[in-house]
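This report refers to the structure that appears directly beneath it.
The values are calculated or read from the model by the stated rules, or taken from the named source; none is laboratory data. Since the structure is predicted, the reported quantities are computational estimates derived from the model, not experimental observations. Using ideal geometry, Cβ is built from the backbone for each residue, glycine included, and neighbour counts are taken over all protein chains shown. Accessible surface areas use protein heavy atoms only, side chains included; no ligands, DNA or RNA. Shrake-Rupley method; radii C 1.70, N 1.55, O 1.52, S 1.80 Å.
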Amino acid sequence: DLGRSIDYLETRPEVDRSKLAYYGLSWGASLSMLPAVEERLKVVVLLAGGFYFTKTLPEVDQINFLPQVTVPALMINGRYYYFYALDTSIAPFFRLLGTQEKDKHLLLFESGHIPPKDEFIKATLDWLDRYLGPVK
């Protein structure tokens, strides 16, 4: 579905296909296979995700895809969410991203699952401006 969506965006004259970002929220942030296999993405923002520790087949297991994510990656999480715990889910997920250290950042907030909206929106826009340039 992601690939077909990008195929459509590439037909639109108002879309700059050289500046496509993936923004995943919660489970969408944990779907590491999407930015790993879609080469047209230039940057990712992963909000409130991590390892979800459910039994999966190897062909869709997060651990097999995280090292393949090599584009700039911003991961934003709340420190106190019980499902995506910092030490066992968030930090290992972030460490396994294949992105160069200089191009990945883990931003933690003193919150639960979803960090404060104004702050994560600002961080996201700053990240996109840094890697895709400001919106004209």
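For segment 1-52, the fraction of 1.4 Å probe accessible surface lying on carbon and sulfur atoms is 54 percent. Sorting Val135, Val37, Val69, Val60 by solvent-accessible area of protein heavy atoms yields Val135, Val37, Val60, Val69, largest first, with a 1.4 Å probe.
Charging the Cβ of each Asp and Glu at -1 and of each Lys and Arg at +1, and nothing else, the dipole of the chain about its Cα centre rounds to 140 debye. Excluding ligands, DNA and RNA, the accessible surface per residue across segment 68-123 is 55 Å² with a 1.4 Å probe.
Quick one: grab the alpha carbon gyration tensor of the chain, order the square roots of its eigenvalues as a ≥ b ≥ c, and give me rounded if a/c is under 1.5, else prolate or oblate depending on whether a/b is larger than b/c. Because a/c hits 1.5 or more and a/b fails to exceed b/c, the chain counts as oblate. Packing around the peptides 24-31, 10-17, 85-92, taken as the average count of other Cβ atoms within 10 Å per residue, puts them in this order, highest first: 24-31, 85-92, 10-17. When the Cα positions of Ala91, Pro134, Pro115 are compared along the charge dipole of the chain, Pro134 comes out farthest toward the positive end, with charges on each C-beta of Lys, Arg, Asp and Glu. Contact order, relative form, for segment 1-47: 41 percent (alpha carbon pairs under 8 Å, 6 or more residues apart, mean separation divided by residue count).
In segment 63-133, which GluC sites (Glu not before Pro) fall in coil by DSSP and have 11 or fewer other Cβ atoms within 10 Å? Before the final figure, lay out the partial values.
Working: sites: Glu101, Glu110, Glu119; in loops: Glu110.
The qualifying sites are Glu110.
Using the structure shown, select from Lys55/Lys104; Lys102/Lys122; Lys55/Lys122; Lys19/Lys102; Lys42/Lys136; Lys19/Lys55 the pairs with a Cα to Cα distance greater than 24 angstrom.
Violating the 24 Å Cα-Cα cut-off are Lys55/Lys104; Lys55/Lys122; Lys19/Lys55.
Taking 0.36 nm per residue of separation and subtracting the current Cα-Cα distance, fully stretching the chain between Asp126 and Leu108 would add 4.9 nm.
Taking every alpha-carbon pair under 8 Å whose residues sit at least 6 apart, the chain reaches a relative contact order of 22 percent. Using the Cβ-Cβ distance between Lys117 and Ala85 with R0 set to 30 Å, the FRET efficiency from 1/(1 + (r/R0)^6) comes to roughly 0.85.
Under the rule of -39500 (n - 2.57) per DSSP H run of 4 or more residues, summed and divided by the residues of the chain, what mean residue ellipticity at 222 nm is obtained, to the nearest 500 deg cm²/dmol?
Numbers: 5 runs with 39 residues, N = 136.
Result for the chain: -7500 deg cm²/dmol, rounded to the nearest 500.
Once a ≥ b ≥ c are taken as the square roots of the eigenvalues of the Cα gyration tensor of segment 56-131, is the result rounded (a/c under 1.5), prolate (a/b larger than b/c) or oblate (a/b not larger than b/c)? Oblate, since a/c reaches 1.5 and b/c is not below a/b. For segment 1-40, the solvent-accessible area of protein heavy atoms averages 65 Å² per residue (probe radius 1.4 Å; ligands and nucleic acids excluded).
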